[in-house]
Amino acid sequence: MTQQASPGFPQDHAAQTADVIVVGSGPAGSSAAFYLASAGLDVLVLEKSRFPREKVCGDGLTPRAVKALTAMGVPLPEGDGWLRNKGLRIIGGGGRIELAWPELSSYPGFGLVRTRLDFDEILARHAQKAGARLLEGVNVTGPLRDDRTGRVIGVTARETVDGETAEHIFRGRVVIAADGNSSRLSVAMGLRKRDDRPLGVAVRSYYTTPRHDDDYLEAWLDLWDGDNLLPGYGWIFGMGDGTSNVGLGLLNTSEAFGNIDYRVLLRKWLAGMPPEWGLTEENRTQPVRGSALPMGFNRTPHYTRGLLLAGDSGGMVNPFNGEGIAYAMEAGEIAARTVVQALARPSAAGIETVLQTYPRELKVAYGGYYTLGNSFVQMIGHPAFMRFATKHGVKRPYIMRFTMKLLGNLTEPRGGDATDRLLNALSKMTPAA
Ligand SMILES: Cc1cc2nc3c(=O)[nH]c(=O)nc-3n(C[C@H](O)[C@H](O)[C@H](O)COP(=O)(O)OP(=O)(O)OC[C@H]3O[C@@H](n4cnc5c(N)ncnc54)[C@H](O)[C@@H]3O)c2cc1C
């Protein structure tokens, strides 16, 4: 396949090779690219869309995500589009409780909200500033493989400019698939989603509402399908710009999962809200859009034949709470750290030895916790359990404080209070997902 002329596209051979090719410039890809470039590697990021671009999301960032942003040196000045929040408000089973984010030495005591329209571009530009080369509007069509070894040695891609389509080849010593939930690249390498791991589906839109500057993230556990309480939650996250991001997500462990019209469920749920909040069809500013949440390592292995998976491509969304941004960023950092060490080895065998540690690193970081999460998702798939937990849990602050640390994966890794120690021990004792 040869490259044809296309305006604005690098034509020289050098631009078509890099130490590392990163596919996708969401949180996982941009974080990986940032750390790789910061370590002095030549990294080329290929992104099929052009910034600014939308990504269907709740736009909520927990202290875990704030920590990942801070580690990359992303400026987070208050008032510059970043809206800070103090914690989580949980409503359900007739109860309502506000839980401040825990003050820990390991995580800041605040979260943030920012639209993905801005957020993803900020991260991508941050990686560029660190030295990563970013090509937008380049759709990766498949892996480029060594005929003899089957190893991934680059990617094929298509670019369309002004109606003209050009095919390209990009070569790299290592490739990172950060191409999201569908991960075409992983599928082309035979890595399909695992049926034994949870999957969520969520929809969201934006509404003009006086609640737009709420300083708590709000989660509603009362999502009903007839008499059945569904496993999932609805959210109202104020964006600080006159609108709130409002949506709901469900887990595939309930019988209702495949049979529910999510848009209808959203309308029904919002119909029960106080009228003064204005969460009505007339105040909806965007279409209702939905997407999948791949959880609990639902695509493995995370490394094979020169290809590393980071973020949604490797099913890294937290099964307890549906949070994916922090985990995508953290996995991007772990992938980059592994690749930097691997490429410093003089032999192919040495490189391979290091790359193969990547899945192990991920298991150490999240394996036990995700196994617990996968069991939790099975339990709340039973409407009776969900009803019991909501009815009795929300009214009891000590249970909810424990639950918040568990669901948010916000514990001190060492020491901490009794809750931290219990949760860490549970995660360590549980076999890794
Ligand atoms: C409705 C909804 C609400 C959510 N709410 C939250 C929330 O509030 N907080 C939270 O933390 N998480 C939330 N999540 C999860 C979160 O959105 C994801 O986990 C996160 O975006 C994963 O980041 P990523 O970089 O792995 O993938 P993505 O963000 O999906 O990025 C993948 C990138 O790859 C690009 N790409 C794809 N294919 C190709 C290709 N062939 N060639 C080149 N580029 C390609 C895409 O254009 C995209 O830019 C939500 C998800 C949904 C669906």
message: Taking the Kirkwood radius as the inverse of the mean 1/r across Cα pairs, report the Rg/Rh of the stretch 284-433.
response: 1.05
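Can you tell me the dipole magnitude for the chain around its Cα centre, using point charges on the Cβ only (Lys, Arg +1; Asp, Glu -1), in Debye to the nearest 20?
Dipole of the chain, to the nearest 20 debye: 1140 debye.
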- prompt: Counting other Cβ atoms within 10 Å of each Cβ, which GluC sites (Glu not before Pro) in the stretch 68-151 have at most 13 and sit in a DSSP loop?
  reply: Glu103
Cβ-placed point charges (K, R +1; D, E -1), dipole of the stretch 242-383 about Cα centre in debye, nearest 20: 340
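First compute the accessible area of the stretch 175-263 with a 1.4 Å probe, then give the percent of it belonging to carbon and sulfur atoms.
On the way: 1550 of 3410 Å².
Looking at the stretch 175-263 in its full context, I get 45 percent from C and S.
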- prompt: Got a number for carbon plus sulfur as a percent of the stretch 313-433's accessible area, 1.4 Å probe?
  reply: 63
- prompt: Which peptide among 212-220, 390-398, 316-324, 17-25 comes first, and what is the full order, when sorted by highest mean count of other Cβ atoms within 10 Å?
  reply: 17-25, 316-324, 212-220, 390-398
task: Go through Ala33, Leu422, Gly278 and say which Cα lies farthest out towards the positive end of the charge dipole of the chain; charges sit on Cβ, +1 for Lys and Arg, -1 for Asp and Glu.
output: Leu422
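With the other protein chains left in place, how much accessible area per residue, in square angstrom, belongs to the chain at a 1.4 angstrom probe? Present the calculation step by step, with values, prior to reporting the outcome.
Numbers: 18210 Å² over 433 residues.
I get 42 Å² per residue for this part.
Would you please put 407-417, 259-269 in order of how densely packed they are, using the mean number of other Cβ atoms within 10 angstrom per residue and starting with the highest? Walk me through the numbers on the way to the answer.
On the way: 407-417: 17.1, 259-269: 14.8.
Ranked by mean Cβ neighbours within 10 Å, highest first: 407-417, 259-269.
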- prompt: From the residues Pro413, Val364, Met400, which one has its Cα farthest along the dipole of the stretch 293-433 in the positive direction, the dipole being from +1 and -1 charges on Cβ of Lys/Arg and Asp/Glu about the Cα centre?
  reply: Met400
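The stretch 186-278: Rg/Rh from Cα coordinates, Kirkwood Rh? It would help to have the intermediate numbers written out before the result.
Values: Rg = 15.7 Å, Rh = 14.7 Å.
A ratio of 1.07.
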task: Could you tell me, in Å, what Rg and Dmax come out for the Cα atoms of the chain?
output: 21.8, 67
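The values are calculated or read from the model by the stated rules, or taken from the named source; none is laboratory data. Just so it is clear, the structure is predicted and the values come from calculations on it, not from any experiment. So basically every Cβ, Gly included, is an ideal-geometry build from the backbone, and we count neighbours across all protein chains shown. Note: areas computed on protein heavy atoms with side chains; ligands, DNA, RNA excluded. Shrake-Rupley method; radii C 1.70, N 1.55, O 1.52, S 1.80 Å.
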